[in-house]
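Undergrad: Below you will find the structure I want to go over with you.
The values are calculated or read from the model by the stated rules, or taken from the named source; none is laboratory data. Source: prediction; values computed, not measured. Because the Cβ atoms are built from the backbone with ideal geometry, glycine has one as well, and the counts that use them run over all protein chains shown. All accessible areas refer to the heavy atoms of the entire protein, side chains included, with ligands and DNA or RNA removed. Shrake-Rupley method; radii C 1.70, N 1.55, O 1.52, S 1.80 Å.
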Amino acid sequence: MFLSGIVIYAQQPTDCIESVTVCGNSNVNLDVNGIGTQELSGSNTCSSQENNSVWLKMTLVTSGTLGFTLTPNSSAITEDYDFFVFGPNVPCNNIGQAIRCSTTNPQAAGQGNNLTGMNASSSDTSEGPGPDGDSFVRWLDVQAGETYYIVIDRPIGNSPFTLDWTGTSEFSTPPIDESSVSPEPINLESCDVFAPFDNGFTEFDLNQNTNPIIGSQTDVVVTYHATESDANIGINPLSSPYLNKENPQIIYTRITNSITGCFELTNFELSVNIGPEIKTPQPYSICDNADDGDRNNGRVTFDLTTRQIEILNGLDAADYNFSYYTLLADAEIKNAPLPNPYYNNIPFLEQIFVRVEDVLNPDCNTITTLDLVVNINPEAFDANLVQCDEDGVIDGITIFNLNEADEILTGGIPNRYTRFYSDSAKTNEIDGSSYVNKSAFQIIYVDVVNEDTGCSTSSELRLEVSLTDSVDAQLTECDDDGIEDGFYKFDLTNAESFIIEGLPSGLNVSYFESYEEALLEVNNLSRLFTNTKPYLQTIFARVENVNDCYGISELDLVVNELPNILVEEISYYCLNTFPEPITLDAALIDEDQSNYQYNWSNGSTTYDIQINTAGTYSVVVTNGNNCSKERIIVVEDSNIATFENIDIIDAAENNTITVFVSGEGIYEYRLLDENNVVSEPYQSDNVFENVIPGIYTVSVRDIKNNCGTVNKALSVIGFPKYFTPNNDGINDTWQVYGISSMFQPNSKILIFNRFGKLLKEINPTGEGWNGMINNKVLPSDDYWFSIVLQDGRIFKGHFTLKV
């Protein structure tokens, strides 16, 4: 069986009268939607009717068998397709009963797929609905010349389907497109010859493709359609000539056998050539000239061909013709082309139209615009420039900065610059920033150029060398700006009265770092100038009458050093040494004292002074350059300490001593034991902690100005926890620490045994108890003590005697 494709989407033949004719090489690929007129009621034994249907019609040209397999595009088991076969040779208005039908639901029947159709292996001729059957029935035995209708219906689902024919019989053969001898379709191309001429829409003679498509076939009709759906169904044929609706556009062709109704579809493309893809050129700008006798009238002769390469934008110039017009309408119909070269008719700015057409097909053209611009020439003015002859040789030859005359040459108009030439023909351009003249009076030829358009106008610059002179001068300052580095901000105008002394009034003075810059008048210095070389720098002052050089002077900038002294100091005076004086001096660093003058705040004029009171003292030191620097000395009081109180916490786990003193000094504190050995070295803290009981001396010294040390003895009471009277020289007796003939000598110390019996009263300042009673050493044990210190404090406790 020969197969090809029929595809129907938006518009389906849902009724018998509109059946799709299936021909010999037709493969069906359809969607179904709607039922049209309900024609299945009571016409089948499968208990169903049209839900979403399509009708197919086929005429057999050979005898044999006819079957098919219907496959939904979706494999979902819920997609349910039914079919009904009528015939042979029944009319649409009396189709009778279906000779084959299947309305089995594949999901209800427990099928493994959702296919349906007619095949050789099935024996039943009808089945369904619901779970009844397997979706396939026995195929047909057919005879040549018989016609059948097949109704495809989808009660459940939304998937399109394909239909594959099986069996041995064959359908009628559809006509073919005999123009398709090559892979390319017969596409139609046309130039855009309908106004507007650049929108891509024009008329096409579709019928010129009819004869090539039919070729040698007979009984064939060709129609043209805008959509594939219209071509499938055979509706809405296009008339010719046809105005395309888009560019490019596909035209669908239906080739139908007028006897069998079999048809074939093909297509071709309509395209409108809207002309070459060209580029709109940049404005064609020319400076006004005197070719027509007037260089300011805005009219010149343009060579229009010079813009062709830009317009073609890479296209081959040999393939295109150019013509030029004053009006778009003239360009569209090629009326009254302009000559080339073209002398513009509208001064300064005129827009013309350029028609670019295909050499082989002149109707295919593109039109663009070209702006013809005549730029105005800038104004130019003659000027004079006078320069000083300050190079040491009075010969009228020096260096000029010709750009100094730009303001006059251009009239001060913005966006102008100058070019300079030594010859009137302007063949020898010279550097305007640094030019050595050839004679004392010389003419330089100038072009004043508009930097936006490049147009220029000529003028002259007359050079003259002046032999006048001005006076050298010097500005001197002390380096007293707060940073002694040899740099100082000078007010250069302070030198002007010296530089122009004896010269005419009305002169202008400007300043430069180098002689060359002064000659060329570049890099002018501001009025306030900080020298760039320390201590001594020579700059140059240019004296001018308007812009004419009167002379160039040297101006020395001198920065004198200040005295090298220590400018600030803090000193101290010990009040405890009054009235003895101390010495203050001007603190010169590596300098001879005799080379300076001194002026103290107390009126003294010597290098040093004697004082014995605190206060602020100053001295102004002046050197031989009359540069001064002030030294300030602040003298503060200091003194030895005065004891105010000493707080002692003793007979405790952490014995502490806190020393309170007063005085103008800054103090440190130290502890010495009773043997004058350092127990705690000097410290800034006035508190001593974890002090071992005993007799101490506290020392307090002044570190602010080393005014002296004061001392005071003190006692820290404590009790031994044990003693060992074995005569080894270590802990042989028990005694209260911190008692001496100076501290607590009248204290009372009693010793008891553990039962409270008084054993011994010992001398507070003696060696202590040796553990014996009546010359007999008592046994090892804990013993108790009761102490009443001279200051009234009472302590009780116990200790251990170890034998």
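Undergrad: Yes or no: VAL559 touching a Cys at 6+ places or on another chain (Cβ under 9 Å), more than 30 Å from TYR667 (Cα to Cα) and not in a loop (DSSP other than H, G, I, E, B)?
TA: Against the criterion (touching a Cys at 6+ places or on another chain (Cβ under 9 Å), more than 30 Å from TYR667 (Cα to Cα) and not in a loop (DSSP other than H, G, I, E, B)), VAL559 qualifies.
Undergrad: Scan the stretch 400-439 residue by residue and report those that are farther than 26 Å from ARG542 by Cα and either open to solvent by less than 30 Å² (accessible area, probe 1.4 Å) or of a type in the set (Val, Ile, Thr) (or both).
TA: Across the stretch 400-439, the qualifying residues are ILE413, TYR421, THR427.
Undergrad: Could you list, in sequence order, all residues of the stretch 534-556 that are assigned to a loop (DSSP other than H, G, I, E, B) and at pLDDT 90 or above?
TA: PRO534, TYR535, listed by residue number.
Undergrad: Within the stretch 289-313, work out how many residues are more than 22 Å from GLY454 (Cβ to Cβ) and touching a residue at least 12 places away in the same chain (Cβ under 8 Å).
TA: 4
Undergrad: Can you tell me which residue within the stretch 91-142, out of those that are among the small types (Gly, Ala, Ser) and under 16 Å from PRO72 (Cα atoms), is nearest to the chain's Cα centre (by Cα)?
TA: By that ranking, first place goes to GLY112.
Undergrad: While we're looking at this one, here's another question. Since VAL354 meets every condition but one in (1) hydrophobic (A, V, I, L, M, F, W, C); (2) open to solvent by 30 Å² or more (accessible area, probe 1.4 Å); (3) touching a Leu at 6+ places or on another chain (Cβ under 8 Å); (4) within 30 Å of GLU203 (Cβ to Cβ), which condition does it not meet?
TA: For VAL354, the exception is condition (2).
Undergrad: When residues of the stretch 288-321 are filtered for being open to solvent by 50 Å² or more (accessible area, probe 1.4 Å) and either touching a Cys at 6+ places or on another chain (Cβ under 7 Å) or on the phi > 0 side of the Ramachandran plot (or both), how many remain?
TA: Total satisfying the criteria: 3.
Undergrad: I would also like to ask the following. Of all residues in the stretch 768-802, which are more than 14 Å from ILE739 (Cβ to Cβ) and among the basic types (Lys, Arg)?
TA: LYS776, LYS796, LYS802
Undergrad: Would you be able to say whether some residue in the stretch 238-249 is among the hydroxyl-bearing types (Ser, Thr, Tyr), in a loop (DSSP other than H, G, I, E, B) and touching a strand residue (DSSP E or B) at 6+ places or on another chain (Cβ under 7 Å)? Step through it out loud before you land on a result.
TA: Within the stretch 238-249, the first condition is being among the hydroxyl-bearing types (Ser, Thr, Tyr), and the residues that meet it are 239-240, 242.
After this cut, where a residue has to be in a loop (DSSP other than H, G, I, E, B) as well, the list is 239-240.
Keeping just the survivors that are touching a strand residue (DSSP E or B) at 6+ places or on another chain (Cβ under 7 Å) gives none.
No, the stretch 238-249 contains no residue that is among the hydroxyl-bearing types (Ser, Thr, Tyr), in a loop (DSSP other than H, G, I, E, B) and touching a strand residue (DSSP E or B) at 6+ places or on another chain (Cβ under 7 Å).
Undergrad: Further, regarding this structure: I'm trying to understand the selection: among the residues of the stretch 637-660, which are among the hydrophobic types (A, V, I, L, M, F, W, C) and over 14 Å from GLY708 (Cα atoms)?
TA: Listed by number, the residues that qualify are ILE646, ILE648, ILE649, ALA651, ALA652, ILE657, VAL659, PHE660.
Undergrad: Mind checking which residues of the stretch 467-480 are within 55 Å of the chain's Cα centre (by Cα), open to solvent by 70 Å² or more (accessible area, probe 1.4 Å) and either hydrophobic (A, V, I, L, M, F, W, C) or farther than 30 Å from GLN537 by Cβ (or both)?
TA: Listed by number, the list is empty, since nothing qualifies.
Undergrad: Can you tell me which residue within the stretch 54-76, out of those that are among the aliphatic types (A, V, I, L, M) and assigned to a loop (DSSP other than H, G, I, E, B), is surrounded by the most Cβ atoms within 10 Å (Cβ to Cβ)?
TA: Kept after step one, since they are among the aliphatic types (A, V, I, L, M), are these residues of the stretch 54-76: 54, 56, 58, 60-61, 66, 70, 76.
Remaining after also requiring assigned to a loop (DSSP other than H, G, I, E, B): 61, 76.
Numbers: VAL61: 15, ALA76: 13.
Within the stretch 54-76, the match that is surrounded by the most Cβ atoms within 10 Å (Cβ to Cβ) is VAL61.
Undergrad: Of the conditions (1) open to solvent by 70 Å² or more (accessible area, probe 1.4 Å); (2) part of a strand (DSSP E or B); (3) in contact (Cβ under 8 Å) with a residue 60 or more places away in the chain, VAL635 satisfies every one except a single condition; which number is it?
TA: In the conditions (1) open to solvent by 70 Å² or more (accessible area, probe 1.4 Å); (2) part of a strand (DSSP E or B); (3) in contact (Cβ under 8 Å) with a residue 60 or more places away in the chain, VAL635 misses (1) alone.
Undergrad: Follow-up question, since we're still on this one. Looking at this structure, is GLU513 of a type in the set (Asp, Glu), in contact with a strand residue (DSSP E or B) (Cβ under 8 Å, 6 or more places away or on another chain) and either under 21 Å from ALA383 (Cβ atoms) or open to solvent by less than 20 Å² (accessible area, probe 1.4 Å) (or both)?
TA: On the way: of a type in the set (Asp, Glu): yes; in contact with a strand residue (DSSP E or B) (Cβ under 8 Å, 6 or more places away or on another chain): yes; either under 21 Å from ALA383 (Cβ atoms) or open to solvent by less than 20 Å² (accessible area, probe 1.4 Å) (or both): no.
In short, no.
Undergrad: Could you identify the single residue in GLU451, GLU496, GLU464 that is more than 45 Å from the chain's Cα centre (by Cα) and open to solvent by 60 Å² or more (accessible area, probe 1.4 Å)?
TA: Answer to the selection: GLU464.
Undergrad: If you take the residues in the stretch 322-351 that are open to solvent by less than 70 Å² (accessible area, probe 1.4 Å) and in contact (Cβ under 8 Å) with a residue 40 or more places away in the chain, which one is nearest to VAL193 (Cα to Cα)?
TA: GLU332
Undergrad: Applying the selection to the stretch 522-542, what residues are under 24 Å from ILE399 (Cα atoms) and over 43 Å from the mean Cα position of the chain (by Cα)?
TA: The first filter runs over the stretch 522-542 and keeps only residues under 24 Å from ILE399 (Cα atoms), leaving 522-526, 537-542.
Result: GLN537, THR538, ILE539, PHE540, ALA541, ARG542.
Undergrad: Could you grab the pairs with beta carbons closer than 6 Å, sequence gap of 6+ or different chains, first residue in the stretch 612-632 and more than 20 Å from PRO581 (Cα to Cα) and in contact (Cβ under 8 Å) with a residue 40 or more places away in the chain, second one open to solvent by 70 Å² or more (accessible area, probe 1.4 Å) and in a strand (DSSP E or B)?
TA: Pairs found: THR622/GLN597.
Undergrad: Residue by residue through the stretch 653-693, note down the ones that are surrounded by 12 or more Cβ atoms within 10 Å (Cβ to Cβ) and part of a loop (DSSP other than H, G, I, E, B).
TA: The answer is ASN655, GLY663, GLU664, GLY665, ILE666, GLU674, ASN686, GLU689, VAL691, ILE692, PRO693.
Undergrad: Scan the stretch 275-288 and report the pairs whose first residue is more than 17 Å from PHE197 (Cβ to Cβ) and whose second residue is open to solvent by 20 Å² or more (accessible area, probe 1.4 Å) and not in a loop (DSSP other than H, G, I, E, B), with Cβ atoms within less than 6 Å and a gap of 6+ or a chain change.
TA: Here the result reads PRO281/ARG307; PRO281/GLU310; PRO283/ASP371; PRO283/VAL373; TYR284/ARG307; SER285/VAL373; SER285/ASN375; CYS287/ASN375, each pair linking the stretch 275-288 to a residue that is open to solvent by 20 Å² or more (accessible area, probe 1.4 Å) and not in a loop (DSSP other than H, G, I, E, B).
Undergrad: Among (1) within 22 Å of GLU18 (Cβ to Cβ); (2) of a type outside the set (S, T, N, Q); (3) touching a residue at least 40 places away in the same chain (Cβ under 8 Å); (4) open to solvent by 20 Å² or more (accessible area, probe 1.4 Å), which single condition is LEU243 missing?
TA: Answer for LEU243: the failing condition is (1).
Undergrad: So, ASP406, is that one closer than 21 Å to SER514 by Cα, free of Cβ contacts under 8 Å to residues at least 40 places away in the same chain and charged (D, E, K, R) or not?
TA: No: the conditions fail for ASP406.
Undergrad: Tell me, yes or no, whether the stretch 696-710 has at least one residue that is within 23 Å of ASP791 (Cβ to Cβ) and outside any strand (DSSP E or B).
TA: Taking every residue of the stretch 696-710 in turn, none turns out to be within 23 Å of ASP791 (Cβ to Cβ) and outside any strand (DSSP E or B).
Undergrad: Are any residues in the stretch 77-95 open to solvent by less than 40 Å² (accessible area, probe 1.4 Å) and either out of contact with any strand residue (DSSP E or B) (no Cβ under 6 Å at 6 or more places or on another chain) or without any contact (Cβ under 8 Å) to a residue 12 or more places away in the chain (or both), and if so, which ones?
TA: Hits for the stretch 77-95 are VAL90, CYS92.
Undergrad: So which strands (runs of 3 or more DSSP E) stay within the stretch 314-387 end to end and still have 1 or more residues that are closer than 23 Å to ASP452 by Cβ and at pLDDT 90 or above?
TA: 349-358, 365-375
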